[in-house]
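First up is the structure itself, then whatever we jot down about it.
The values are calculated or read from the model by the stated rules, or taken from the named source; none is laboratory data. Predicted model, so just to flag it, every value in this text is computed and none were measured. Cβ placement follows ideal geometry from the backbone for every residue including glycine, while neighbour counts extend to all protein chains displayed. Note: accessible area is taken over every heavy atom of the protein model, side chains too, but ligands, DNA and RNA are not part of it. Shrake-Rupley method; radii C 1.70, N 1.55, O 1.52, S 1.80 Å.
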Amino acid sequence: MTPWKTVRLKHLCLDAGQYGMNISSESYADSGVRLLRTTDISSGTLTPAEDGVFVSECTSDRFTLREGDLLLSRSGTPPGQSYLVKQDDRGSTFAGYLVRFRPANDVDPRFLSHVARSEPFQHTILSEAVASTIQNFNAERYANIEFRVPDQREQSRIAEFLDAETAQIDRLIELRISHERLVLERSEAVLSSLFSGQEGHRKYRFRHLMQSNPCYGVLVPKFAESGVPLIRVSDLGKLDHNLERLPRIEKGQAQEYRRTRLSPGDLLITVVGATIGRCDVAPEATCGFNVSRALARIQLIPGLSPQMIAAWVRGRDFRAQAELATSGAAAQPALNMSDITHFSIWIPETDSGRRILANRVDDHVHQVQGLLSLLRQQRALLAERRQALITAAVTGQFDVSTASGRNVTDGVQA
């Protein structure tokens, strides 16, 4: 093997890092030059063009991207996301919260891209960001990160090896994601069939299942350092383990919204935004919390399983009725409370029938959650092994000419 030497990132690049364009969203255009942002790059991938934004023109050549440029995010949670500019991305530009490093002619850009995703490189970013208490990693810090590199020929050998091996792992990860989608689609079909007007079921207006009128949540001008926790749309689905991270509002303000204070078993439904119909049930630990304005708080009649009704809200029947009732601008659709109360739902007439249906829903949801948890664990394991392989290769822990990455995926079947 060729000898490795210790360098800083700036020693392998034509400059010490170039910040992107400072441009506001008001300057975005319908077409033109693609503007890459921090939100567009994730784990080395780029969002599709239809999900991106554009500017009418690039104001300077120094902001024009070339194939092989390395983009690193200087903000985010955490900073350090990276993207290697591809041939199809040439001519694009990039936003101010990204830093571009242009590899020198004797450096393989693919090797540099893998280094940026290795554990030592990422650890340096995380440790320095935590030490400064500011989640921002500027160009100078990136430029001075140290690591070891071989000559260009060995860099290319390592890059070729990692490109092939990580592509295999990525395919396995995509397969797990596809399985998750299929599980969710199948689950939705099963749950929808349970509320499809079977024998012994009766059609009710949703208001007949409510203990009181539904109400909007809190309109918060600003958060406080202490006070009453506030549940937002982004917190739904994580209420069993995310309570300590919830934002807070002052107690005085919370008193003004006593009607929205939660009780265990309350139903929380998203009524504003792109995720209308997203739903969760308030657990015991959220008693006395408030909810944000984008959520509706609904108290169900005693004896009615909130998990059963939540399964209906997440299903096709509720979504179909919500699509007909949704109003407002396309960018910010909304459901009116009175419309929700008129939605129809098929459930058993008798208490015993409702208990049987609730048990069937609980059993199905439990099975689905177990399967999804297994698939997500496998994805996490594959991602960890992917980074371990990258780290071992770019730090010279083995000779890629005689190595195989098959051990990385051993024990994880497709």
(request) Could I have the simple spin-label model distance between R62 and L182, label points 7 Å from Cα toward Cβ, reported in nm to one decimal? (result) 5.2 nm
(request) May I ask you to evaluate 6.51 cos²θ - 1.76 cosθ + 1.60, the Karplus curve with θ = phi - 60°, for each residue of the stretch 229-234 and list the ³J(HN,Hα) values in order in whole Hz, giving x for glycine and proline? (result) x, 10, 9, 10, 4, 5
(message) Below 16 Å, Cα to Cα, which aspartates and glutamates can K238 reach? Residues fewer than 8 away in the same chain don't count.
(response) D266, D280, E284
(message) What is the percent carbon and sulfur in the accessible area of the chain, measuring with a 1.4 Å probe over the protein chains and ignoring ligands?
(response) 48 percent
(request) Mind sorting out which of [x] 1.04; [y] 1.09; [z] 0.97 is the real Rg/Rh (Cα atoms, Kirkwood Rh) computed from the coordinates? (result) [x]
(request) Search the structure for amide H atoms under 5 Å from the amide H of G17, placed 1.01 Å from N in the peptide plane, and list their residues when 5 or more places away or on another chain. (result) R102
(request) Beyond 22 Å, what share of the Cα-Cα pairs of the stretch 27-168 is found? Please give it as a whole percent. (result) 40 percent
(message) Quick query: amide H of D266 versus all other amide H atoms, modeled in the peptide plane; which residues come in under 5 Å with a sequence gap of 5 or more or a different chain?
(response) A282
(message) Give me a comma-separated list of calculated 3J(HN,Hα) values for the stretch 95-100, in order, Karplus coefficients 6.51, -1.76, 1.60 applied at θ = phi - 60°, integers in Hz, x for any Gly or Pro.
(response) 8, x, 8, 10, 10, 9
(request) Over the chain, average the accessible area per residue using a 1.4 Å probe and give it in Å², no decimals. (result) 52 Å²
(request) Determine the relative contact order of the chain: mean sequence separation of Cα pairs under 8 Å and six or more apart, normalised by residue count, in whole percent. (result) 17 percent
(request) Rank-order 355-362, 300-307 by packing density, defined as the average count of other C-beta atoms within 10 Å over each peptide's residues, highest first. (result) 355-362, 300-307
(request) Would you calculate a helix-derived [θ] at 222 nm for the chain, using -39,500 (n - 2.57) for each DSSP H run of n ≥ 4 and dividing by the full residue count, to the nearest 500? (result) -11500 deg cm²/dmol
(request) May I ask you to evaluate 6.51 cos²θ - 1.76 cosθ + 1.60, the Karplus curve with θ = phi - 60°, for each residue of the stretch 302-319 and list the ³J(HN,Hα) values in order in whole Hz, giving x for glycine and proline? (result) x, x, 9, 5, x, 5, 5, 5, 4, 5, 5, 4, 7, x, 5, 5, 4, 4
(request) Would you mind checking which residues have amide H under 5 Å from S75's amide H? H placed 1.01 Å from N; only 5 or more apart, or other chain. (result) G80, F137
